Amino acid sequence: MNDMVNDNTNDSPELVLALDFGVKKMGMALGNSITQDARPFDILAMDNGQPDWDNLLGIIDVWNIAMIVVGLPLNMDGTESMLTKRAKKFARRLAHRLGERHSDVPVYFYDERLTSKEAKQMAWDLGWIKHETDPIDDLASCVLLNSYFNAPSLAVYVGSYHDNPQKGKA
């Protein structure tokens, strides 16, 4: 398993992908593990919480992603909502699909409370959006990734079937 969450001593930069999960769309940001900067990457269309898996997995492969951070949309009091449960299910599926491809890219959850609100305010302040409905999902994933870079120990490993030595045995 990649220890990037707890080990900042790696001398070569690695790309981290942050995903701001949504039922209709998912924001994406890329970050550098050395410089710890994040930049908007894309907004993927979702079909009732399901991405185009081939596209998403292709992005992970082509960009040589070393780690993935999936935003966990908790309620303000820290409790889980229905969207939290769906984001967890998505992250587990992503980890499983990566495992099926024999990929060792780890997937982590990270609390994303207020990231959309912060991203929307930043976009307004900088003139990046003109309307309340303008998409900011990729910016929200940047806020998520910056939060991760500021406190990586708060990330929670999703796990995969590679972690279970009994998987696939009779």
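The values are calculated or read from the model by the stated rules, or taken from the named source; none is laboratory data. This is a predicted model, so every value here is computed, not measured. Backbone-built Cβ (ideal geometry, glycine too); neighbour counts: all protein chains shown. Heavy atoms of the whole protein, side chains included, go into the accessibility calculation; ligands, DNA and RNA do not. Shrake-Rupley method; radii C 1.70, N 1.55, O 1.52, S 1.80 Å.
Tabulated values for the structure
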item: Taking N as its residue count, the alpha carbon Rg of the chain over 2.2 N^0.38 Å; result: 1.01
item: Other-chain or far-sequence residues with amide H under 5 Å of Phe41's (modelled H); result: Met28, Ala29, Leu30
item: Additional length obtainable on full extension of the chain from Asp47 to Ser153, 0.36 nm per residue less Cα span; result: 35.0 nm
item: Global geometry of the range 63-139, whether rounded, prolate or oblate, following the gyration tensor of its Cα atoms and the 1.5 cut on a/c; result: oblate
item: From phi via Karplus (6.51, -1.76, 1.60), per-residue ³J(HN,Hα) for the range 23-37 in Hz, x at Gly/Pro; result: 6, 9, 7, 9, x, 10, 9, 10, x, 9, 5, 8, 7, 6, 10
item: The range 1-151 - percent of accessible surface contributed by carbon and sulfur, probe 1.4 Å; result: 49 percent
item: Residues with amide H under 5 Å from that of Val158, placed H, sequence gap 5 or more; result: Val107, Tyr108, Phe109
item: Å² per residue, accessible surface of the chain at 1.4 Å; result: 55 Å²
item: Value of [θ]222 nm, deg cm²/dmol, for the chain, DSSP H segments ≥ 4, -39500 (n - 2.57) each, nearest 500; result: -10000 deg cm²/dmol
item: Lys117 versus Asp37: modelled label distance in nm, points set 7 Å from Cα along the beta carbon direction; result: 2.9 nm
